[in-house]
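Take a look at the structure set out below.
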């Protein structure tokens, strides 16, 4: 019972038998169907519509254009709300947009009796545009004379931030130093989340209230954003989140729920279904930001990292979404993973372009940063002929590190132990020697990459979570969380945490998997690897209070002091001897129906988390490179994680497997491509090269379990970290195998053949 056991997922049976109810399974009869009409240009202004032919289509109920929606700009990211104006998210889009900023921008919507009619009418709508030159790259958007995308940002720079840690500017820090210096540009690409279930919601009205059922990671934030977008009170909005078929950060965005809520008000409160196609999901929801890192780094010949300077340019796309938070988080990684003896200088830019809008994706800027930082580490080590593993051990974040800006403390530090375990598993020392000085067209190599990742968002944003526990008449209990199960196993670990704290076994705990803003306690949702850490604190706080109330009633029944009692495995026992005194079934039945003292035992608690900590880890990868074919095959790979005490080891391993798979796609094949007009070229699962089981080697996982003092059960971040180090580890293995330093992702065959030709290896 409780924490540390690999119990079966509480939702396993429902999911494997098809019993789990997702949004599409809950659709009531008679829903109207909405179709978004999208721009066929990437940059311009909608001047007018011709709706005549579209309105003639049988079954069309309503057509709403960008000229018909409230003139309200609202934010879309799933960030906690800040009461401080300066810290609030950027509000830069409307329900439908007159100013077009991406190819496929939302400019109108058709509501019809069925999908066929909606699609047919949407195709018949004629649009008049004033068109401008598309700007797909950061360079084009920042160029002199570039068209302004948002009037409040005339230079198209959404935000710019900078910092210096250490003794002053980079140039001054390396003066007079006998150092080896590199100056490299590292580039990461645009990728999409590719969750199984596309964004889907249905909305209707009841008693002048709007009810929205939606596949989201953040139901309480969705309610708030709908309120902002429509200009109506929170209380008139109800959001229901059933089971969700994946999100990976894309559903940490309020995508189409506000539009759907508005559409139901335009058709007399009738139910409206709004489901986004796979192609629309790719191009018109959110993507991972492409980021370019221009890095200078200086190292002494003994391996001491002296100083670094970087400029990071993040391609934001047409709308702010999570805005500067992504690249700001990315550049923080550089100071949180390596120690510079003298200085670290950083400049970060987030730039509006006409590409698909960038938002949250698993790792939140750190996969991009880790690629650049870990390529740099291997390139520096190669420049001074040093083993890259020893270089990392010499320069990695010291134990007890405190971030100078956020003041987040590294409370427990298992990185070096992770490196040791991975080194032994992969046989690093032997294979580095074995694969040295290879010849021929097919070569092997071994590489590694490390990372550091914060747990949750404090102190950048508010961290709060709530939990409710209710005792049933038969001694079982209900566990209700505002935090969301999104496929990661949250409900299972919540159940284990509750069992650990209260003393009621997991089989007697009924966790409520659906979040309903009318009923569920408040929580900001699933993101930032926060739930077992932040929401876990709420469970622990609530569980302690709940147990106290149970023991208080037991003391009444047994005529004893409560401090002499304990609840263990559904039985009230003597706390000193362990003697069984009272079964929970008897206690609960008495509490409900006693003629002398009837008590409904419940508890609800909110935890305001004002702590944070770092999780760390490493990936080791062994590859075989066929240079004439440009093919990279991963032969062996292992992730080793320092994530504190594991709540459920089996689930933890599954989380790592999923992250490693995403990392392999990021490394080798995935890239969302655009033509010069800003249109996505491979917006489907046939043309977008998502890796399958055929492309995935055996994935190995190990852990270093250190009890973190800030975690509710000694735990810290695990959800996002597995996706972070894989791509640079594979890149560095290719460097070891071939001597070719690839500075951009993905490392697909076309790119690799070009690199090998340039190096005269083929």
Checklist entry - If you check residue 140 against the conditions, is it touching a residue at least 60 places away in the same chain (Cβ under 8 Å) and under 30 Å from residue 259 (Cβ atoms)? => result yes
Checklist entry - Does residue 597 satisfy the condition of being part of a loop (DSSP other than H, G, I, E, B), in contact with a helix residue (DSSP H, G or I) (Cβ under 9 Å, 6 or more places away or on another chain) and surrounded by 15 or more Cβ atoms within 10 Å (Cβ to Cβ)? => result no
Checklist outcome for this item: If we ask which residues in region 396-430 are under 12 Å from residue 337 (Cβ atoms) and either more than 28 Å from the chain's Cα centre (by Cα) or surrounded by fewer than 14 Cβ atoms within 10 Å (Cβ to Cβ) (or both), their number turns out to be 1
Checklist entry - Can you find even one residue in region 289-296 that is more than 17 Å from the chain's Cα centre (by Cα), free of Cβ contacts under 8 Å to residues at least 40 places away in the same chain and either within 22 Å of residue 254 (Cβ to Cβ) or in the same structural domain as residue 408 (by TED's automatic domain parsing) (or both)? => result no
Checklist entry - How many residues are under 15 Å from residue 518 (Cβ atoms), in contact with a helix residue (DSSP H, G or I) (Cβ under 8 Å, 6 or more places away or on another chain) and touching a residue at least 40 places away in the same chain (Cβ under 8 Å) when one looks only at region 204-221? => result 6
Checklist entry - Do the conditions hold for residue 155, that is, is it free of Cβ contacts under 8 Å to residues at least 24 places away in the same chain, more than 24 Å from residue 265 (Cβ to Cβ), touching a helix residue (DSSP H, G or I) at 6+ places or on another chain (Cβ under 9 Å) and surrounded by fewer than 18 Cβ atoms within 10 Å (Cβ to Cβ)? => result yes
Item to check | Out of 746, 722, sole residue that is in contact with a helix residue (DSSP H, G or I) (Cβ under 6 Å, 6 or more places away or on another chain) and either in a loop (DSSP other than H, G, I, E, B) or surrounded by fewer than 24 Cβ atoms within 10 Å (Cβ to Cβ) (or both) | outcome: 746
Checklist outcome for this item: Just one listed residue, out of 162, 201, is in contact (Cβ under 8 Å) with a residue 60 or more places away in the chain and surrounded by fewer than 19 Cβ atoms within 10 Å (Cβ to Cβ), and it is 162
Checklist outcome for this item: Of 383, 307, 330, 370, the only residue that is buried (at least 24 other Cβ atoms within 10 Å of the Cβ), within 18 Å of residue 174 (Cα to Cα) and touching a strand residue (DSSP E or B) at 6+ places or on another chain (Cβ under 7 Å) is 307
Checklist entry - Given 529, 466, which one is in contact (Cβ under 8 Å) with a residue 24 or more places away in the chain, buried (at least 21 other Cβ atoms within 10 Å of the Cβ) and in a strand (DSSP E or B)? => result 466
Checklist entry - Any chance region 678-697 includes a residue that's farther than 26 Å from residue 278 by Cβ and either in a helix (DSSP H, G or I) or at pLDDT 95 or above (or both)? => result yes
Item to check | Unique residue being within 28 Å of the chain's Cα centre (by Cα), closer than 30 Å to residue 452 by Cα, buried (at least 18 other Cβ atoms within 10 Å of the Cβ) and outside the structural domain of residue 716 (by TED's automatic domain parsing) when the list is 490, 499, 520 | outcome: 490
Checklist entry - Name the residues in region 241-260 that are closer than 18 Å to residue 91 by Cα and touching a helix residue (DSSP H, G or I) at 6+ places or on another chain (Cβ under 6 Å), would you? => result 254, 257, 258
Item to check | Verdict on residue 226 being crowded, with 24+ Cβ neighbours inside 10 Å, outside any loop (DSSP other than H, G, I, E, B), touching a helix residue (DSSP H, G or I) at 6+ places or on another chain (Cβ under 9 Å) and without any contact (Cβ under 8 Å) to a residue 40 or more places away in the chain | outcome: yes
Item to check | Unique match (being surrounded by 20 or more Cβ atoms within 10 Å (Cβ to Cβ), on the phi > 0 side of the Ramachandran plot and touching a residue at least 60 places away in the same chain (Cβ under 8 Å)) among 475, 456, 445 | outcome: 456
Next on the checklist: Please determine whether any residue of region 355-367 is in contact (Cβ under 8 Å) with a residue 40 or more places away in the chain, surrounded by fewer than 23 Cβ atoms within 10 Å (Cβ to Cβ) and part of a loop (DSSP other than H, G, I, E, B).
Outcome noted: no
Checklist entry - How many residues does region 506-523 hold that are touching a helix residue (DSSP H, G or I) at 6+ places or on another chain (Cβ under 6 Å) and either in a loop (DSSP other than H, G, I, E, B) or modelled with pLDDT under 95 (or both)? => result 3
Next on the checklist: Residues that are within 26 Å of residue 4 (Cβ to Cβ), crowded, with 19+ Cβ neighbours inside 10 Å, under 20 Å from the mean Cα position of the chain (by Cα) and at pLDDT 95 or above: does region 661-671 have at least one?
Outcome noted: yes
Checklist entry - So which strands (runs of 3 or more DSSP E) are wholly in region 70-167 and hold at least 3 residues that are within 21 Å of residue 40 (Cβ to Cβ)? => result 106-112, 126-131
Next on the checklist: Among the numbered criteria (1) surrounded by 15 or more Cβ atoms within 10 Å (Cβ to Cβ); (2) out of contact with any strand residue (DSSP E or B) (no Cβ under 6 Å at 6 or more places or on another chain), which one does residue 15 miss?
Outcome noted: (1)
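The values are calculated or read from the model by the stated rules, or taken from the named source; none is laboratory data. Here the structure is a predicted model, which is why all the values come from computation and not from measurement. For neighbour counting, all protein chains shown are included, and Cβ atoms are generated from backbone atoms with ideal geometry for every residue, glycine included.
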